[in-house]
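All remarks here apply to the structure that follows.
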Amino acid sequence: MRVVQLSTGDEGGAGRAAIRLHRALIDTGVDSTMIVNAKASTDWRVRAKSGLVSDVVQRARILAEQIPGAVAGIPEPHLFSPAITGSLRARELNALPIDVVNAHWTNLGYLSIAQFGKITKPVVWTLHDMWAFTGGRHYEDDTADARWHHRYSRLNRVPDGSRFDAERWVWQRKRTHWNTPRHIVTPSTWLAKLAASSDLLASWPIHVIPNALDTAIFKPRSKSAARDFFDLPQEPPLILFSLTTGLNDPRKGWDLLKAALATLHRTHPAVELAVLGHEAPPEPWDNELPRAHWLGRLHDDRALAMAYSAADVSVVPSRQDNLPQTGTEAQACGCPVVAFRIGGLPDIVLHRETGYLAEAFDPQDLAGGLAWVLESPHRREAVSAAARERAVRLWSEAIVSAQYTDLYEQVLAEHAT
């Protein structure tokens, strides 16, 4: 079976999920290749257009993608994609000697809405956020009165001072060009429920398959050696906070975590914090917070596994998230996860079995969950073992690639009839 993975890049959250699936499929005998705009890996099976002309044109596409949101005055424009341009053309894909196209995150001038609708090969589309069924936003309000439930009518628009309703325009283009239902994969049950309740994708077949993880790399390692690796102190209990976006991204909940840490510090002053993804605090550090160690960005999976192994607990304080790999990676390394009971986090954490799920956006309960893990070494050991066992059973490459292979075969059979 020959499959091509489509992704804007092979790094970042969605890009890493795509290339991990690509490698998992290869390891289980599937002929997988990957086409990207931005290549960071050394995998020869990942193809990217390169050269001065291509780079200049791609920068122009990215700038063009920002214009509609700017004209409409959309807040957080980096979370809005109109998908009006693209380096990849449907005719290129339709001419390839492949059996299945597996699309992933394809914005930033990679694949336009119109071109996606023109793909005639069998398609599986793995969603990494809400963009597929919204009017261009990657994350949106997920309540019942959200516009993506109600066709972005002129009546349900929030007045913003602009006559150009960019979200309605993007949604209508999706409705116009996407005439053929595609098989949708969501890594979390939360995202599957949202897609199924959307006006745009309600009639499309939807499957829940988690992101693949190499559990031979993401595995428990010596805590002492891991702390030495990062020059961390051996004695204090250590919380790990890992993220790939900025600390000022409200969706990732840094403000909620700081409130929880202040509470925890008053009762557990020995606890310390390690922050993965940033070199230094964005502001003077508050003495009422635990001592912090800033580990910077890591791009090597083995180094990431060492970071999780160095910690006693990992915290994911997101306000909204799909199936964050910071959670699955931690669990595979036997690091309990404490998070809010939102989005796809209940798919990652079994409450009081592999970690702790705090009530949504309650810093006091988040602090209580961290204390619950840290206070009892015996409990932490049991939770760690349960987290590792569940991660291998649900997210290991062989398990996930088999689910995708079964879906590819189903899609091929349907396409042949």
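The values are calculated or read from the model by the stated rules, or taken from the named source; none is laboratory data. Since we're looking at a predicted model, the values are computed, not measured. Neighbour counts are summed over all protein chains in view; Cβ atoms, including those assigned to glycine, are modelled from backbone coordinates with ideal geometry. Keep in mind that these areas ignore ligands, DNA and RNA; they rest on the heavy atoms of the full protein, side chains included. Shrake-Rupley method; radii C 1.70, N 1.55, O 1.52, S 1.80 Å.
Return only the number of the condition from (1) of a type in the set (Val, Ile, Thr); (2) closer than 13 Å to Ala195 by Cα; (3) open to solvent by less than 40 Å² (accessible area, probe 1.4 Å) that Ile119 does not satisfy.
Among (1) of a type in the set (Val, Ile, Thr); (2) closer than 13 Å to Ala195 by Cα; (3) open to solvent by less than 40 Å² (accessible area, probe 1.4 Å), the lone unmet condition for Ile119 is (2).
Go through the range 184-227 and give me each residue that's open to solvent by 10 Å² or more (accessible area, probe 1.4 Å), of a type in the set (Gly, Ala, Ser), in contact (Cβ under 8 Å) with a residue 24 or more places away in the chain and not in a helix (DSSP H, G or I).
Residue satisfying the conditions is Ser222 alone.
Conditions (1) more than 21 Å from Ala274 (Cβ to Cβ); (2) in contact with a strand residue (DSSP E or B) (Cβ under 7 Å, 6 or more places away or on another chain); (3) basic (Lys, Arg), marked per residue:
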position	(1), (2), (3)
Ile348	no, yes, no
Ala360	yes, yes, no
Leu370	no, yes, no
His378	yes, no, no
Val383	no, yes, no
Ala387	no, yes, no
Leu394	yes, no, no
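Please count how many residues of the range 1-18 are closer than 16 Å to Val100 by Cα and within 19 Å of the chain's Cα centre (by Cα). Walk me through how you get there before you give the answer.
Of the range 1-18, the ones closer than 16 Å to Val100 by Cα are 1-7, 18.
After this cut, where a residue has to be within 19 Å of the chain's Cα centre (by Cα) as well, the list is 5-7, 18.
Total satisfying the criteria: 4.
Do the conditions hold for Glu375, that is, is it over 26 Å from Glu397 (Cα atoms) and of a type outside the set (Gly, Ala, Ser)?
yes
Which condition does Leu304 not pass, out of (1) assigned to a loop (DSSP other than H, G, I, E, B); (2) closer than 21 Å to Ile348 by Cβ; (3) not charged (D, E, K, R), if it passes all the others?
Unmet for Leu304, out of (1) assigned to a loop (DSSP other than H, G, I, E, B); (2) closer than 21 Å to Ile348 by Cβ; (3) not charged (D, E, K, R): (1).
For the range 384-401: of the residues being open to solvent by 60 Å² or more (accessible area, probe 1.4 Å) and not small (Gly, Ala, Ser), which is farthest from Ile348 (Cα to Cα)?
Of everything passing the filter in the range 384-401, Ile399 is farthest from Ile348 (Cα to Cα).
Of all the strands (runs of 3 or more DSSP E) wholly in the range 2-49, which have at least 2 residues that are open to solvent by less than 40 Å² (accessible area, probe 1.4 Å) and in contact with a helix residue (DSSP H, G or I) (Cβ under 7 Å, 6 or more places away or on another chain)?
2-6, 31-36
I'm trying to understand the selection: among the residues of the range 59-84, which are in contact (Cβ under 8 Å) with a residue 60 or more places away in the chain, exposed (fewer than 13 other Cβ atoms within 10 Å of the Cβ) and either β-branched (Val, Ile, Thr) or assigned to a helix (DSSP H, G or I) (or both)?
Of everything in the range 59-84, just one residue is in contact (Cβ under 8 Å) with a residue 60 or more places away in the chain, exposed (fewer than 13 other Cβ atoms within 10 Å of the Cβ) and either β-branched (Val, Ile, Thr) or assigned to a helix (DSSP H, G or I) (or both), namely Val71.
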